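Take a look at the structure set out below.
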Amino acid sequence: MKYCQYLSKKINPEWKFFYINYELLKQTIKNENSIQFWNIINLELEKVNSFFNIIIKYEKENKDIDNFIILNYMPLFKLIKKHDKYLCKNNKIKFFNTISKQDFYSYYITRKREQKDTKATV
């Protein structure tokens, strides 16, 4: 299954306009326009952050918020990898510096998660 199809099945239909536009960014990579790619990423991050800041106020279910965050972060990471591979660049550090300043990412990283006990078996 193509990643874009996977995303379209996993996203919350009510929020579909607030997710990263994977297809647009993928097409920008194919056009070999790195500046346009980063400009679109910044615009998409603004869109995601704006919506995140709204839903965090009203949404009580952490699972929906977590899914929203993950389904925006993972395509970005995947697109950065594609961009770097296709254009022979290394922008993972730039990506990390950009994403670490985003509200949705900061929320997810600092959020307490359930600890599961794991036991080593010998």
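Scan the stretch 19-37 residue by residue and report those that are surrounded by fewer than 18 Cβ atoms within 10 Å (Cβ to Cβ) and either assigned to a helix (DSSP H, G or I) or of a type in the set (D, E, K, R) (or both).
Quick first cut of the stretch 19-37, residues surrounded by fewer than 18 Cβ atoms within 10 Å (Cβ to Cβ) only: 21, 23-24, 27, 30-36.
Within the stretch 19-37, E23, L24, Q27, K30, E32, S34, I35, Q36 qualify.
Look through K63, K81 and report the one residue that is of a type outside the set (S, T, N, Q), without any contact (Cβ under 8 Å) to a residue 40 or more places away in the chain, loosely packed, with under 12 Cβ neighbours inside 10 Å and out of contact with any Cys (no Cβ under 8 Å at 6 or more places or on another chain). Show your work before the answer.
Working: K81 fails: loosely packed, with under 12 Cβ neighbours inside 10 Å.
When all the criteria are applied, what remains is K63.
Of (1) surrounded by 15 or more Cβ atoms within 10 Å (Cβ to Cβ); (2) closer than 19 Å to N39 by Cβ, Y73 satisfies all except one. Which?
Only one criterion in (1) surrounded by 15 or more Cβ atoms within 10 Å (Cβ to Cβ); (2) closer than 19 Å to N39 by Cβ is unmet by Y73, namely (2).
Would you point out the residue of the stretch 84-122, among those that are modelled with pLDDT of 90 or more and in contact with a Ser or Thr (Cβ under 8 Å, 6 or more places away or on another chain), that is surrounded by the most Cβ atoms within 10 Å (Cβ to Cβ)?
S106
Quick check on K16: is it among the charged types (D, E, K, R), touching a residue at least 60 places away in the same chain (Cβ under 8 Å) and either under 25 Å from K81 (Cβ atoms) or in contact with a Gly (Cβ under 6 Å, 6 or more places away or on another chain) (or both)? Step through it out loud before you land on a result.
Values: among the charged types (D, E, K, R): yes; touching a residue at least 60 places away in the same chain (Cβ under 8 Å): no; either under 25 Å from K81 (Cβ atoms) or in contact with a Gly (Cβ under 6 Å, 6 or more places away or on another chain) (or both): yes.
In short, no.
Quick check on E23: is it within 17 Å of the chain's Cα centre (by Cα) and modelled with pLDDT of 95 or more?
On the way: within 17 Å of the chain's Cα centre (by Cα): yes; modelled with pLDDT of 95 or more: no.
No; evaluated as a whole, the condition is false for this residue.
The values are calculated or read from the model by the stated rules, or taken from the named source; none is laboratory data. These numbers come from a predicted model, not from an experiment. Cβ: placed from backbone, ideal geometry, glycine included. Neighbour counts: every protein chain shown.
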